[in-house]
Amino acid sequence: MNKVDYDRALYYTHRSEWDNLLILMVRTKDDLLSKRIEHFLHAYHFSNDYTVVERNLYTLLRYIEHANFTYSVEQPLQETFAEM
């Protein structure tokens, strides 16, 4: 699991950078993130119903939030102190 992928997905979604989001969808190792991005982009480009787009966007954002939280619990910050 790569935390950078989730941060990028959130950034690209916020900035409406769909081309970069598509590239991230192909390159990420997280299959579920890739599938969520695919569903959102498909709904965004082909759906006439805004509620479908909104539902897929919220599903993607909830997954990113869940993955970031899970990653932060599994990989707590390690404090390092510089030697004086």
Of all stretches in the chain that avoid GluC sites (Glu not before Pro) placed in a DSSP loop and having at most 14 other Cβ atoms within 10 Å, the longest is 18-78
Taking Tyr6, Tyr11, Tyr50 and ranking on accessible area (1.4 Å, protein atoms only), highest first, one gets Tyr50, Tyr11, Tyr6
Not counting ligands, DNA or RNA, and with a 1.4 Å probe, what is Val26's accessible surface area in Å² rounded to the nearest 10? 110
The chain: angle of helix 50-74 to the longest principal axis, Cα-based, in degrees nearest 10: 10
With only Lys, Arg, Asp and Glu charged, each at its Cβ (+1 for the first two, -1 for the last two), find how big the charge dipole of the chain is about the Cα centre; round to the nearest 20 debye. 240
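The values are calculated or read from the model by the stated rules, or taken from the named source; none is laboratory data. What you see is a predicted model, and the numbers here were worked out from it, not measured in a lab. Quick reminder, even Gly has a Cβ in these numbers, built from the backbone with ideal geometry, and neighbours come from all protein chains shown. Each accessible area value is taken on the protein alone, full model and side chains, heavy atoms only, with ligands, DNA and RNA left out. Shrake-Rupley method; radii C 1.70, N 1.55, O 1.52, S 1.80 Å.
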